[in-house]
Amino acid sequence: MSNLLEKASIILTPTAYNTSEVLCVKPSDGTGDFDFSRATEATRINSVGLIETIGINLPRINYEVGCGSWLFEPQSTNSVSQSNLLNPVSGGVVTPNAAISPDGTTNAIKVNFSTGVNSGSLIYIGGSSATASTQYTFSFYAKNFLGDGKFRLRVDTNTQSTLVNENFTATSEWVRYTHTFTTDAAASSFSSSSRFRKFTDNNEVLFFGMQLEQQSYATSYIPTSGSTVTRNQDVCTNGGSLASINSTEGVLYAEIAALANSGTVRFLGLNDGSSNNRVVLLYHNSDNNIRAIISSGGTKFVDVNSSVTSSLDFHKVAIKYKENDFALWIDGVEVATDTSLNAPIGLNSLDFLLSGANNFFGKTKALAVWKEALSDSELQSLTTI
C-alpha cells in the first residue's frame with residue numbers, strides 16, 4: 001500500500017488545517033490545498049471524546065467513530081432556545097449543574113421524575129416555528145442517575161398534543177438519542193408543553209444538549225442560550241491543480257460515510273469548474289446507493305450506481321477512468337465497468353461539491369488522486385476494508 005500511495009498526486013487525510021484551509025498531505029507545497037468556509041462556529045467530538053466548539057471558518061476533524069474524519073455538514077438551526085436548561089413541571093424536580101456532561105464540564109441537568117403522570121421537565125421549544133408536514137429530528141444526551149433509566153419524550157405542536165410520545169432508557173454511559181418525526185398538516189409552531197416525562201416513579205436521569213432541527217437526522221450539537229441558533233454549512237472546494245490532475249487517465253479514491261441513508265444528491269470529485277467535464281462519486285438520493293458519473297465535453301458517458309449495506313458506514317470507493325476503460329470499485333469489489341468512455345477534458349479542481357451546489361455533506365477519512373489508471377490488483381488492494 002505504501003508504494004501505491006507514493007504514486008498518488010493528491011492525498012488528503014484528517015491531519016492538518018488552518019483558518020479557511022484544509023491542508024493536503026500531498027502535494028506538500030500547498031498547491032493541492034482546499035479552500036474552506038463556514039460563517040459560524042460549530043461543534044465536534046474531539047480526540048478525547050468530548051464535545052468541543054470550533055471557531056468560524058475552521059474545518060472540523062471529528063472523532064465520533066474513534067479515528068478522525070473530516071466532518072462537512074449542511075446548514076441547520078436548533079429550535080430549542082435553551083439547549084441545556086429544563087423547567088420542572090407536574091412535580092418533577094430539576095437540578096442544574098448536577099454532573100459532568102459530554103463537553104467535560106459540570107453542567108449536566110438532573111431530572112427527578114417524581115410520581116405524577118406528567119411529572120418531568122419542560123423543553124424550551126415553546127413558540128418555535130414549525131413547518132407543516134415536514135420532517136424534524138429531536139436529539140439529546142442522556143445518562144441514568146438513579147432507577148431503571150426509563151422516561152418519555154413528548155413533543156406537541158399548536159395543533160396536535162403528543163405528536164411524539166416516545167419511550168427511552170438511559171444507560172450508565174452518556175448516549176446521544178435521536179427521534180425523527182413528521183409534523184401534522186396544520187402545524188405552525190411547537191408547544192411549550194413539550195417535555196421529558198415520567199415512565200417509572202422517582203427515576204433520576206441526567207440530560208444535556210437538547211436539539212430540534214428540520215432535518216431527517218441529527219447533525220452535530222448546536223448550543224443555544226436564550227434564542228435559536230443556526231450553524232452555517234461547511235464548504236470545501238478548489239483542491240488540486242492542473243499539475244496534480246490528469247484528464248486523460250487516473251483514479252479518484254475516497255473513504256467516506258454519509259450523514260443519512262437518503263436525501264439529496266451529494267457530489268465529490270474532479271471537474272473543470274463546470275459539470276461538462278467531471279469524474280465524480282456521490283451518494284445517490286435513493287437509500288444506500290453510491291453512484292459514479294463521468295462526463296466529457298458536456299456528454300455523460302458513465303452513470304452507474306451500486307447499493308451498499310448502509311451508507312452511514314465508511315466505504316472505500318475508487319473510480320478508474322481512461323479512454324474506453326472505466327471501473328468502479330467499492331470495498332474490494334469491482335461493481336461496474338464500461339469500455340465506451342471518452343476521457344474528460346481540462347480537469348483542474350477537486351471539490352466537495354459540483355458547480356457551486358450539491359455539497360458533499362458527510363465524513364471523509366481519506367481522499368486521493370492518481371494521474372494514471374491503476375491495475376485491478378492495485379484497485380482491489382486500495383479499496384479492501
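The values are calculated or read from the model by the stated rules, or taken from the named source; none is laboratory data. In this text, all values refer to a predicted model and were calculated from it rather than measured experimentally. Positions of Cβ are generated from backbone atoms using ideal geometry, with glycine treated the same way; all protein chains shown enter the neighbour counts.
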- Query: Among the residues of region 226-249, which ones are of a type in the set (D, E) and either without any contact (Cβ under 8 Å) to a residue 12 or more places away in the chain or under 23 Å from E6 (Cα atoms) (or both)?
  - Reply: E249
- Note on the structure: The residue that is nearest to D234 (Cα to Cα), considering only those in region 26-57 that are buried (at least 18 other Cβ atoms within 10 Å of the Cβ) and hydrophobic (A, V, I, L, M, F, W, C), is F36
- Just checking, how many residues over region 198-212 are surrounded by 24 or more Cβ atoms within 10 Å (Cβ to Cβ) and not hydrophobic (A, V, I, L, M, F, W, C)? 3
- Query: When you go through (1) modelled with pLDDT of 95 or more; (2) surrounded by 15 or more Cβ atoms within 10 Å (Cβ to Cβ) one by one for S377, which number turns out not to apply?
  - Reply: (2)
- Query: Could you say which residue among L312, L268 is at negative phi, among the hydrophobic types (A, V, I, L, M, F, W, C) and part of a loop (DSSP other than H, G, I, E, B)?
  - Reply: L312
- Quick one: V251 ticks every box in (1) in the same structural domain as N348 (by TED's automatic domain parsing); (2) within 13 Å of the chain's Cα centre (by Cα) except a single one, so which number is it? (2)
- Note on the structure: Residue hits (region 342-365; surrounded by 19 or more Cβ atoms within 10 Å (Cβ to Cβ) and farther than 24 Å from L71 by Cα) are A343, P344, L347
